[in-house]
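Every number here is computed from the coordinates shown, using simple stated rules; none is lab data. The model shown is predicted, which means the values in this text are computed figures rather than measured ones. Methodologically, a virtual Cβ is constructed for each residue, glycine included, from the backbone with ideal geometry; neighbour enumeration extends over all protein chains shown.
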Amino acid sequence: MGKLSFYLCRGDDTVASMLQSINENDPDGIKYTCDEEKDQCYIGDELFRNADKVINYHNTYYAVHAVKD
């Protein structure tokens, strides 16, 4: 299992803008998705445990997952 990456939103960052940044800068060219309603998660819950990456926006966590072909 890979290492979970965390992304902290700062200033004018939003979940959407952070997701865009993740997609534009992924070194392996992987595209990710995150639904701000369905993917809100809490430390230790199933969404959090199964996330590829986690965005922290104002102390709320969002699970980010690789887009499946």
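3J(HN,Hα) along region 53-67: 8, 10, 9, 9, 10, 6, 6, 10, 9, 10, 7, 10, 10, 5, 6 Hz, from the Karplus curve 6.51 cos²θ - 1.76 cosθ + 1.60 with θ = phi - 60°, whole Hz, x for Gly and Pro. Each Cα pair of region 13-52 feeds into the Kirkwood radius, which the Stokes-Einstein equation turns, at 25 °C and 0.890 mPa s, into a diffusion coefficient of 219 µm²/s. For an R0 of 22 angstrom, estimate the FRET efficiency from the Cβ-Cβ distance between LEU8 and LYS31 and round to the nearest 0.05. Once rounded, the FRET efficiency stands at 0.55. All alpha carbon pair distances within the chain were sorted into 5 Å bins beginning at 0; the resulting P(r) in whole percents reads 3, 18, 31, 28, 15, 4, 0. Within the shell defined by Cβ-Cβ distances under 15 Å, the residues around CYS9 carry a net charge of -2, with Lys and Arg each +1 and Asp and Glu each -1. Secondary structure note: in the chain, about 70% of the DSSP beta bridges are antiparallel.
Relative contact order for the chain: 37 percent, from Cα pairs under 8 Å spaced at least 6 residues apart, divided by residue count. For the chain, a crude dipole built from +1 on the beta carbon of Lys and Arg and -1 on the beta carbon of Asp and Glu, taken about the Cα centre, is about 220 debye to the nearest 20.
For the chain, which trypsin sites (Lys or Arg not before Pro) are in a loop by DSSP, counting at most 16 other Cβ atoms within 10 Å?
Working: sites: LYS3, ARG10, LYS31, LYS38, ARG49, LYS53, LYS68; in loops: LYS3, ARG10, LYS31, LYS38, LYS68.
For trypsin sites (Lys or Arg not before Pro) across the chain that sit outside H, G, I, E and B with at most 16 neighbouring Cβ atoms in 10 Å, the list reads LYS3, ARG10, LYS31, LYS38, LYS68.
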